[in-house]
Amino acid sequence: MNRLLLALALGLIALTTHAESFDLVIANGRVMDPESGLDAIVNVGIRSGRIEALSTRALEGLHEIDASGLVVAPGFINLHWHGTDPQSDYYQAMDGITATFELEVGVADVDRWYDERAGRSPIHYGVAVGHAPVRMRVMHDPGDLLPSGDAARKSATPEEQQAIAAGVENGLRRGAVGVGFALAYTPAASQWEILQMFRLAAAYGAAGYVHIRGASSAGSADREQGLLEAIAMAAVSGAGVHIAHINSSGQSSAPRMLDIIRDAQAHGIDVTTECYPYTAGATRIESFLFDSWMDKPEQEYRKLQWSATGERLTRESFLKYRKQGGLVLIHANTEENVRAAVIDPLTMFASDGFDIRPGTGHPRSASTNSRVLGRYVREQNALSLMQALRKMTLMPAQRLESRAPQMRNKGRLRPGADADIVVFDPGRIIDRATYEDPARYAEGMEYVIVSGDFVVRNGRVIESATPGRPIRAPFK
Ligand SMILES: [Zn+2]
């Protein structure tokens, strides 16, 4: 009854009162907005790229979608993405993602990153300046995305530390929406060096996005240590901190780590986290994470799957591929640990995805949200649809708001919000990508709308659609 009353009240809420037609009307759908709690059959009127009306009365539109039987929700926001190829963004769109961010690793050259995407992206995009990429540039590390040389293994001289700080600050001046910390990949970076980067983040109202040390799918003893280090950085500097993939960084300690984050939040520290719903991780085999893998018992190598061929590794093939370099999947986690992270109200969903090529990659790149909605919400009833949507929309928008105020109009479905909207079939949505065949679109997304334009229509991606816009902090 309350929901119905709310919907009727919303019938009176509109930015404009004239009866002229909207650009687009989404009619008869079950509209769900995690911020207001709205969950009702309401018509949505869109004009000039934003939502202008929610009404129980019929709305007139130049175009109209009949969303009977479908859920209408804010577009999903992905805080963790590493792709460089706009084609891969169409897989994200089919997974309901309307804005995607490279935050955990980030980049050294923020201007270039945005320039490369201008006019080419189906979904909105933003980037952090990255401590690791800047360190790689300063220390002439040859790694691909992640350090594989001096940036991983050498401490920085005072001059190098100054150059790293200057590079990070320059990125913030150029509108980076956060500061990335791939700390597990830069073990030689001192805590003092990291703290200086957090102080810069704080000075610019940005959060740090951290792949914590001392923990990973590749294995390590003291998993809480790296989390406590990251929280200490936030506490001392005053910057917020976001912990990447608590599922894979936490493994069996994920529940304990979630409790640590809950406690830190209760004591006033701005710390948040995310997860992806898969038991396998993925990373570069040549990275520092595998330095400790040179002499493992033979059966340990069976946890590794070479993405290009699908084969499970032996010590011999591990050593061969490590010289060659490339993507390896790590089958180390349990469904119980993943599920604990998925259902915890603290976590957001973020894919940690990267470019999708036929036959190689990780299914999380194409299917993180659809897997949650199909398996954990529909099949297992492990969390409610509204809870899941909150973790895909409102929570990631809120994480970015202090640095990128335009996020206040994303992750919400209300008049005045940006028309980034998903329309999906809750009875059918499901992941289709697998470890062996990661280049498969998710199913069940009927429409994905970005700034009022279709990227997915009638369940099909429109590969010429490029309405994505940069999400960038003000320049300083
Ligand atoms: Zn990571």
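The values are calculated or read from the model by the stated rules, or taken from the named source; none is laboratory data. Just so you know, these numbers come straight off a predicted model, no measurement behind them. Glycine also receives a Cβ, built like all others from the backbone with ideal geometry; neighbour counts cover every protein chain displayed.
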Which residues, counting only those in segment 114-137, are touching a strand residue (DSSP E or B) at 6+ places or on another chain (Cβ under 7 Å) and buried (at least 24 other Cβ atoms within 10 Å of the Cβ)? P122, I123, H124, Y125, G126, V127, A128, V129, G130, H131, A132, P133
Filter segment 160-186 down to residues that are out of contact with any helix residue (DSSP H, G or I) (no Cβ under 6 Å at 6 or more places or on another chain) and under 19 Å from I212 (Cα atoms) and give me whichever is modelled with the lowest pLDDT. A184
Considering only residues that are assigned to a strand (DSSP E or B) and in contact with a Phe, Trp or Tyr (Cβ under 6 Å, 6 or more places away or on another chain), which ones fall in segment 330-358? G353
Would you be able to tell me the number of residues in segment 289-308 that are within 11 Å of L329 (Cα to Cα) and polar (S, T, N, Q)? 2
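If you go through segment 138-155 one residue at a time, do you hit one that is free of Cβ contacts under 8 Å to residues at least 60 places away in the same chain, in contact with a strand residue (DSSP E or B) (Cβ under 6 Å, 6 or more places away or on another chain) and among the aliphatic types (A, V, I, L, M)?
no
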Residue pairs qualifying under the 6 Å Cβ cut-off, at least six apart or on distinct chains, with the first in segment 355-369 being more than 11 Å from Y91 (Cβ to Cβ) and the second being aliphatic (A, V, I, L, M) and not in a helix (DSSP H, G or I), are P358/A439; T360/A308; H362/A282
Report the residue count in segment 79-134 for those that are away from the ligand (no atom under 16 Å from the Cβ), more than 14 Å from T466 (Cβ to Cβ) and not small (G, A, S). 14
Residues of segment 148-184 that turn out to be more than 16 Å from the ligand (Cβ to nearest atom), crowded, with 19+ Cβ neighbours inside 10 Å and of a type in the set (S, T, Y), as a count: 0
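In segment 101-111, what count of residues is obtained for those that are part of a helix (DSSP H, G or I) and either of a type in the set (D, E) or farther than 13 Å from R472 by Cβ (or both)?
Counting residues in segment 101-111 that are part of a helix (DSSP H, G or I) and either of a type in the set (D, E) or farther than 13 Å from R472 by Cβ (or both) gives 1.
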From R339, R403, R412, R399, grab the single residue that is in contact (Cβ under 8 Å) with a residue 40 or more places away in the chain, charged (D, E, K, R), closer than 30 Å to S68 by Cα and surrounded by 18 or more Cβ atoms within 10 Å (Cβ to Cβ). R412
Please determine whether any residue of segment 88-100 is within 19 Å of E286 (Cβ to Cβ) and part of a strand (DSSP E or B). no
For P187, work out the one condition from (1) under 22 Å from the mean Cα position of the chain (by Cα); (2) of a type outside the set (S, T, Y); (3) within 16 Å of the ligand (Cβ to nearest atom) it doesn't fulfil. (1)
Given the options G143, G149, name the one that is within 22 Å of W81 (Cα to Cα) and at pLDDT below 95. G143
